[in-house]
Amino acid sequence: MTATLEAPADAVEPEDAPADPPEPSRPVPAALAPWDDPHPIIGWVLTLLVTAGAVVTRFWALGFPPGRNSIPKTGFNFDEVYYATEAQEMLRYGYEDNRGYMFIVHPPVGKWLIALSEKLWDSPGGSNQWLTNSIGWRIAPALAGVLGVVLVMRIARRMMRSNLFGFIAGLLMTFEGMSLVLARTAILDIFLQLFVIAAFGALVVDRDRMRARLARLIADGADLSAGAPSLGPRPWRLLAGVMFGLACGVKWTALSFFLAFAVLSIVWDRAALKSAGVRKPAGSLLRRSMLPALGSLIVAPVATYLFTYLGWFTGENSWNRHWADSHSASTHLNLLGLKVPFDWSWVPGPIRSLGSYHLDAYRFHQGLDSGHAYQSSPWSWFVLGRPVDFYYDGSSTQCGASSCSREVLLIGTPLMWWAFAPMLLWLAWHWITTRDWRAGAVWVAFLAGWLFWFQNLARTMFLFYMAPFVPFLVIGVTLALGVMLGPALGPEPDAARAHRARRRRVWGIAGISTYLALVAVDFAWMWPIFTGGLLTYDQWHAHMWLPSWV
């Protein structure tokens, strides 16, 4: 008899044996880790405080100078005479006829927003009563100014992962003089600033969302070395495209920001895939993301821009609306000195008419070289070499002196602006040594907004052409203040190192507090010049720190 060895009664059959423990998931790279704000309520409370400050400064005595029919020698601030008038025409006729000034050189979005606020704050009476309604045509710019401050705060908060430095960025933007004056004036540049910073903010959120999705895949154990899967819809990038379309629908100068940030968004995508361990991030990007990116960053902006001309398309008397009806679709293109025949008949007539209108407007801008008392070159902008007199009245005798002055001077807050150039130099060094993506983003915005104007230095230019990239300079200063403060204090095994860390923190807090206090005092000092406050002539002259400010 053969002996058999029976298994114990509690033995586990092979198929029921426990599986090998799962391999631990790869740790999520720090570059992909999402920010989970531990105190979101504090962030919103600080946002409300900054919003309140922005509302007070942008809306305080917004009606000054009042409409031109109410008080002699007052009325429009600088180019309000054009844009408030054109906005009223759009209300009356449903499109921009521009009967007062004929040829139209800027797209319609900003003027439609001014028209909307004129409509909401309408003055009863005859057809010219709107001329007395200066509050009406300034409400939309003031709201845009407030929203711009809020966006700068929330974007800086997200970029720096700090409620404190988001708050500081919001304060600095509130105290920024040029943006304040533009927000109290019915011209286009404050809308351009708003839509550009909104588009950038949407791209920053999209950047965070994409990286968070990659982080979840890695945490779940996915191997992304061969390439990343589809990461799903990206609504924030689509929103950025819409914002870029609206920005170009205010002024064409938004185009440089649009192109620069579109490329930057693609660069961010590639960097994220590389951080996720994708061996060939560029190839994966082309396969998975390029087609949706074209939809969000090309199709959406172009469609939005064309939609802003809906009133022009539907208005039979719009400028150049029927140009194609009387012009041949056959033309010649000048390519490398050769005239090549080209037929545009496949393009719908209204689009060809719009193209001709745009070509005429482009030629106007390129040839705009007439002298102006307050023109300036890009080289002088950072030192506030030539601010712009938006309004001046020296006829009042109610200041308690023999000579009085009221002026609205478009100028940045000097002690803030004079820190911009050193900040940019430091930021370049910071990016070179750390590859901090935030420093790179500020520099991209600066180059898009500043170098654009060097293509034609003969053109008439003004200080307020800096408006769309001033928020990025404010963010850059905030980044510099963050580095000044240093990293958060933690346990240090070495007493000497702990002492040095605490000492740096103390000096950092002192430096930040001193700078913010100086900016706040400077803003308060310049407030009458920003808002047209009544001063004696001597007081007014004391505010003119440089001879070129007069």
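The values are calculated or read from the model by the stated rules, or taken from the named source; none is laboratory data. Worth saying up front: this structure is predicted, and the values here are computed from it rather than measured. Ideal geometry is used to build each Cβ from the backbone, glycine not excepted, and the neighbour counts take in all protein chains shown. Protein only, heavy atoms only, side chains kept; ligands, DNA and RNA dropped before computing areas. Shrake-Rupley method; radii C 1.70, N 1.55, O 1.52, S 1.80 Å.
Heads up, I need the accessible area for ARG161: 1.4 angstrom probe, whole protein in place, Å², nearest 10.
Estimated to the nearest 10 Å², ARG161 gives 100 Å².
Determine the order of TRP379, TRP549, TRP323 by accessible area, beginning with the largest, at a probe radius of 1.4 Å.
So, going from the largest accessible area down, we get TRP379, TRP323, TRP549.
If you look for lysine pairs in the chain that are eight or more places apart or on different chains, how many of them have Cα atoms under 27 Å apart?
Total qualifying Lys-Lys pairs in the chain comes to 5.
Please list ASP436, ASP36 in order of solvent-accessible area, largest first, computed with a 1.4 Å probe with all protein chains present.
The most accessible residue leads, giving ASP36, ASP436.
What cysteines in the chain have no other cysteine with a beta carbon less than 4.7 Å from their beta carbon?
CYS248
Restricting to DSSP H runs of at least four residues, report the calculated mean residue ellipticity at 222 nm for the chain, -39500 (n - 2.57) per run over all residues, nearest 500 deg cm²/dmol. Each step should come with its number before you reach the end.
Numbers: 21 runs with 299 residues, N = 550.
The helix-only estimate for the chain comes to -17500 deg cm²/dmol at 222 nm.
Any chance you could run the full-extension gain for LYS119 through VAL302? It's 0.36 nm times the residue separation minus the Cα-Cα distance, nm to one decimal.
63.1 nm
Please work out the average accessible area per residue across the chain, using the 1.4 Å probe convention, and give it in Å².
I get 49 Å² per residue for the chain.
So, with a 1.4 angstrom probe, what is the percent of accessible area on the chain that is carbon and sulfur?
Carbon with sulfur: 65 percent of the solvent-accessible area.
Take the alpha-carbon positions of region 278-327, form their convex hull, and give its projected area averaged over all directions (one quarter of the hull surface) in nm².
The orientation-averaged projected area of the Cα hull of region 278-327 comes to 5.3 nm².
Read through the labelled values (i) 1.08; (ii) 1.03; (iii) 0.94 and report the label of the one computed as Rg/Rh (Cα atoms, Kirkwood Rh) from the structure.
Only one listed value fits the structure, namely (i).
Excluding ASN163 itself, calculate the net charge of residues whose Cβ lies under 12 Å from the Cβ of ASN163, where each Lys or Arg counts +1 and each Asp or Glu counts -1.
Spelling it out: positives minus negatives among the neighbours equals +3.
Local charge sum around GLY412 (other residues, Cβ-Cβ under 14 Å, Lys/Arg +1, Asp/Glu -1)? If you can, show how the numbers build up before the last one.
On the way: positive: ARG386; negative: GLU176, ASP189, ASP522.
Its environment carries a net charge of -2.
Calculate, in nm to one decimal, what ASN456 and ARG502 gain on full extension: separation in residues at 0.36 nm each, minus their alpha carbon distance.
11.5 nm
What is the spread of the Cα atoms of region 197-339 along each of their three principal axes, largest first, in whole Å?
In descending order, the Cα extents are 65, 37, 22 Å.
Can you check what the net charge comes to around VAL152, using other residues whose Cβ is under 12 Å from the Cβ of VAL152 (Lys, Arg +1; Asp, Glu -1)?
Its environment carries a net charge of +2.
Need one number for region 418-477: average projected area of the convex hull over its C-alpha atoms, nm².
Numbers: hull surface 17.0 nm².
Mean shadow area of the hull around the Cα atoms is 4.3 nm².
So how long is each side of region 252-303 along the principal axes, counting just the alpha-carbon atoms, biggest first, in Å?
39, 17, 12
For ILE41 and ALA524 in one chain, what is 0.36 nm times their gap in residues minus the Cα-Cα distance, to one decimal in nm?
Numbers: separation 483, 0.36 × 483 = 173.88 nm, distance 2.98 nm.
Contour length minus the Cα-Cα distance gives 170.9 nm.
Compute the acute angle (0 to 90°) between the alpha-carbon long axis of helix 420-434 and the principal axis of greatest extent of the alpha-carbon atoms of the chain; round to the nearest 10°.
So the inclination is approximately 20 degrees.
At 7 Å along the Cα-to-beta-carbon direction for both HIS327 and ALA510, put a label point, then send me their distance in nm to one decimal.
So the two model labels end up 6.7 nm from each other.
Given the whole protein assembly as supplied and a 1.4 Å probe, what does the accessible area of HIS541 come to in Å², nearest 10?
So the heavy atoms of HIS541 present about 90 Å² to solvent.
Return one number: the angle in degrees, 0 to 90 and rounded to the nearest 10, between the long axis of the Cα atoms of helix 80-93 and the longest principal axis of the Cα atoms of the chain.
80
As an exercise, use a Förster radius of 22 Å and the Cβ-Cβ distance of SER230 and ALA30 to find the FRET efficiency, rounded to the nearest 0.05. Write down the numbers at each step before the final one.
Details: r = 25 Å, r/R0 = 1.12.
The pair SER230/ALA30 has a calculated efficiency of 0.35.
What's the FRET efficiency of GLN375 with THR433 using the Cβ-Cβ distance as r and R₀ = 45 Å, to the nearest 0.05?
Efficiency, from the Cβ-Cβ distance: 0.70.
So what's the angle, to the nearest 10 degrees on a 0 to 90 scale, between helix 349-366 and the longest Cα principal axis of the chain?
The helix 349-366 is inclined about 70 degrees to the chain.
Just grab the label-to-label distance for TYR392 and LEU48, each label 7 Å out from Cα along the Cβ direction, in nm (one decimal).
Simple spin-label model gives 4.4 nm for this pair.
Cα centroid distance between region 479-550 and region 141-171, in Å?
Their Cα centres are 17 Å away from one another.
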